[in-house]
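Here the structure is laid out as structure tokens; the discussion comes afterwards.
Bear in mind these aren't lab numbers, they're just calculated from the coordinates by the rules spelled out. Keep in mind that what you see is a predicted model, and the values were worked out from it rather than measured. Backbone-built Cβ (ideal geometry, glycine too); neighbour counts: all protein chains shown.
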There are 2 protein chains.
Amino acid sequence: MYVILVYDVNVNRVNKVLKVARKYLHWVQNSVLEGELTEARYRKLKAELLAIINEKEDSLLFYTFNTRKYTSREAIGVKKGGEEWIL
Amino acid sequence: MYVILVYDVNVNRVNKVLKVARKYLHWVQNSVLEGELTEARYRKLKAELLAIINEKEDSLLFYTFNTRKYTSREAIGVKKGGEEWIL
């Protein structure tokens, strides 16, 4: 399955969330990652992220597709948000 | 065409961006909107947003699909980010 993840989490948890998400998906732009996952790895990703986030403050949005079906992905503006955990 | 928009803009421009984006798409969660658009309205949306954002500080990410093709959309955690311009 193909997964697009959009996260919006407290700055204190951004690095942890990114570090986990990058084990499963590749970073696209700002708070978006995507990639091909098995159903099992998708469940594992969700479980790992749920253990990190505070559901009262943070949010995660997962789009799933049978295959990578988007026609285009267009990015406008600055690229940001993927660098934090490297620094 | 079906469009998913993820925005990450300076707080000073969030309300303006949301107000424009909501004319074309419906708000989903945090910084994500989506909806069915004609090619012409998609171009118009981009033009309107480009007039608002600062490309050195802000970012927009558009996914486009021939039709709404996602299998599931799963939201975890707090719903936020869509209310600002109403308040």
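A simple spin-label model places pseudo-atoms 7 Å from Cα toward Cβ; at residue B:44 and residue A:66 they are separated by 3.4 nm.
Sequence gap at least 6, Cα distance under 8 Å: using those rules, report the relative contact order of chain A to the nearest whole percent.
Details: 113 pairs, mean separation 40.6, N = 87.
Relative contact order here is 47 percent.
With neighbours defined as other Cβ atoms within 10 Å of a residue's Cβ, the residues A:68, B:13 order from fewest to most as A:68, B:13.
Would you list the P(r) distribution for chain B, with all Cα-Cα distances sorted into 5 Å bins from 0 and each bin expressed as a whole %? P(r) for chain B, in whole percents per bin: 3, 14, 27, 25, 19, 10, 3. Looking at this model, which pairs from A:19/B:16; A:16/B:79; A:56/B:46; A:16/A:79; B:19/B:79; A:69/B:23 are more than 28 angstrom apart at the alpha-carbon? With Cα atoms farther than 28 Å apart: A:19/B:16; A:56/B:46. Placing +1 on the Cβ of every Lys and Arg and -1 on the Cβ of every Asp and Glu, with nothing else charged, gives chain B a dipole about its Cα centre of roughly 240 debye.
With θ taken as phi - 60° and the Karplus curve 6.51 cos²θ - 1.76 cosθ + 1.60 applied, the whole-hertz 3J(HN,Hα) list for the range A:42-50 is 4, 4, 5, 4, 4, 5, 5, 5, 4 Hz, x standing for glycine and proline.
Quick check on chain B: helices-only [θ] at 222 nm, where DSSP H runs of length 4 and up contribute -39,500 (n - 2.57) each and the sum goes over total residues. Nearest 500, please.
On the way: 2 runs with 28 residues, N = 87.
-10500 deg cm²/dmol, from helical runs alone.
Taking N as the residue count of the protein assembly as shown, its C-alpha radius of gyration divided by 2.2 N^0.38 Å amounts to 0.98.
For residue A:59, the amide hydrogen comes within under 5 Å of the amide hydrogens of A:8, A:9, B:78, counting only partners 5 or more places away or on other chains and with H modelled in the peptide plane.
With label points set 7 Å from Cα along Cα→Cβ, the inter-copy distances at residue B:39 are 3.8 nm, sorted shortest first. Compared with the direct C-alpha span, the chain from residue B:36 to residue B:22 gains 3.8 nm at full extension, assuming 0.36 nm per residue.
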